[in-house]
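K.L.:
Dumping the structure here so I can ask a few things about it.
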Amino acid sequence: MATPCAQLIIRDLAVEYGSIPALQGVSLEVQAGDMAGIIGPNGSGKSTLLRTIARVLRPRRGCVLLDGEDVLRWETKQLARRLGVVPQESPISFDFTALEIVLMGRAPYLGRLEAESERDLAIVRRAMEETDCWELAERLVTQLSGGEKQRVIVARALAQQPEILLLDEPTAALDINHQVEILDIVARLNRTESVTTLIVMHDLNLASQYCDYLVVLKAGEIFAVGTPEEVITAPIIDAVYGTDVVVARHPRSGRPQIILLPQSTRAGATANGTGERVN
């Protein structure tokens with residue numbers, strides 16, 4: 001069987017903010033249908049990597065290739081049909097309805113001043129149903145809860161019918177119920193619609209549960225890439241985050257889960273009562 005070609009290739013990427021390096025020689029290949037998590041401490045370059053892939057930032061060196069072609073060469077509307085983005089923050093101060101927000105996702109398919117067709121409306125409705133927010137269609141987005149608003153923003157990205165979905169901390173500031181709700185939606189789309197997914201996450205336990213593999217960034221460089229079992233280990237967490245942890249197994253999934261150790265309990269802490277750490 002032939003090896004599938006990488007859908008997204010990140011090659012020797014270097015990005016700077018002024019003279020301050022944010023990414024330094026990052027290289028990565030993402031296959032079609034992957035669900036990859038990007039993790040690392042604050043300032044490690046996670047959001048910068050996503051913003052460079054989405055062409056919000058221009059690299060000083062290196063390139064991002066989509067199906068073999070540099071994204072900088074893609075026409076804007078064509079790229080928007082391939083990449084859907086859920087940003088870290090989506091400030092909306094105008095009284096748009098949820099339906100109007102999601103309809104904005106059809107902009108890459110419309111000409112100037114062209115109205116949405118029945119097909120566009122059907123695609124938008126499906127996106128809102130997939131994200132469980134169709135019942136919010138006539139609600140003002142400024143009146144929605146954090147979880148409701150985030151579902152609408154994900155629906156807007158899906159209305160673009162992207163092959164690749166980039167999500168920058170989509171569960172930030174949400175309570176645990178809404179965190180799981182959003183990630184369940186994303187995982188279902190990845191599984192049933194084969195939407196390639198790159199997701200920046202701070203919660204390592206959620207990243208471990210939902211992602212096929214994890215890309216660990218430290219100081220703008222890739223420190224490790226692997227399955228949650230390969231990456232979520234006490235030595236790697238200590239080396240990247242400078243934090244002493246115990247790693248146990250989730251009782252249902254078997255995926256690694258981190259147990260944080262307060263300073264006062266670190267000496268001699270165990271996960272299994274035997275005096276040994278579980279990695």
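The values are calculated or read from the model by the stated rules, or taken from the named source; none is laboratory data. Just so we're clear, the structure is a prediction, and the values are computed from it rather than from any experiment. Note that each Cβ is placed from the backbone with ideal geometry, even for glycine, and that neighbours are counted across all protein chains shown. Only protein heavy atoms, including side chains, enter the accessible area calculation; ligands, DNA and RNA are left aside. Shrake-Rupley method; radii C 1.70, N 1.55, O 1.52, S 1.80 Å.
Listed here are the residues, each with its yes/no results for (1) touching a helix residue (DSSP H, G or I) at 6+ places or on another chain (Cβ under 6 Å); (2) without any contact (Cβ under 8 Å) to a residue 12 or more places away in the chain; (3) not basic (Lys, Arg).
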{"residue": "Val102", "(1), (2), (3)": "yes, no, yes"}
{"residue": "Tyr109", "(1), (2), (3)": "no, no, yes"}
{"residue": "Thr131", "(1), (2), (3)": "yes, no, yes"}
{"residue": "Gln143", "(1), (2), (3)": "no, yes, yes"}
{"residue": "Ile176", "(1), (2), (3)": "no, yes, yes"}
{"residue": "Gln179", "(1), (2), (3)": "no, no, yes"}
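K.L.:
With Ala248, Ala239 as the choices, which residue is farther than 21 Å from Ile164 by Cα, open to solvent by 20 Å² or more (accessible area, probe 1.4 Å), in a strand (DSSP E or B) and modelled with pLDDT of 95 or more?
P.N.:
The conditions single out Ala248.
K.L.:
Only one residue in Leu183, Leu167 is closer than 19 Å to Leu49 by Cβ and under 12 Å from the mean Cα position of the chain (by Cα), so which one is that?
P.N.:
So the residue among Leu183, Leu167 that is closer than 19 Å to Leu49 by Cβ and under 12 Å from the mean Cα position of the chain (by Cα) is Leu167.
K.L.:
Condition check: of a type outside the set (Phe, Trp, Tyr) and over 18 Å from the mean Cα position of the chain (by Cα). Does Leu121 satisfy that?
P.N.:
In short, yes.
K.L.:
On to the next question. Considering only the stretch 36-82, state which residues are assigned to a strand (DSSP E or B) and open to solvent by less than 10 Å² (accessible area, probe 1.4 Å).
P.N.:
Result: Ala36, Gly37, Ile38, Ile39, Val64, Leu66.
K.L.:
Quick one: is Leu158 open to solvent by less than 10 Å² (accessible area, probe 1.4 Å) and either in a loop (DSSP other than H, G, I, E, B) or in contact (Cβ under 8 Å) with a residue 40 or more places away in the chain (or both)?
P.N.:
It is false that Leu158 is open to solvent by less than 10 Å² (accessible area, probe 1.4 Å) and either in a loop (DSSP other than H, G, I, E, B) or in contact (Cβ under 8 Å) with a residue 40 or more places away in the chain (or both).
K.L.:
Next question. Only one of Leu167, Leu183, Leu136, Leu174 is surrounded by 15 or more Cβ atoms within 10 Å (Cβ to Cβ) and in contact with a Phe, Trp or Tyr (Cβ under 7 Å, 6 or more places away or on another chain). Can you tell me which?
P.N.:
Step by step, each of Leu167, Leu183, Leu136, Leu174 is checked, and only Leu183 is surrounded by 15 or more Cβ atoms within 10 Å (Cβ to Cβ) and in contact with a Phe, Trp or Tyr (Cβ under 7 Å, 6 or more places away or on another chain).
K.L.:
When the residues of the stretch 200-236 are filtered to those that are hydroxyl-bearing (Ser, Thr, Tyr) and open to solvent by 10 Å² or more (accessible area, probe 1.4 Å), which remaining residue is nearest to Leu50 (Cα to Cα)?
P.N.:
Among those that are hydroxyl-bearing (Ser, Thr, Tyr) and open to solvent by 10 Å² or more (accessible area, probe 1.4 Å), it is Tyr213.
K.L.:
Among the candidates Arg61, Arg106, which residue alone is farther than 23 Å from Leu121 by Cβ and of a type outside the set (Gly, Ala, Ser)?
P.N.:
Arg61
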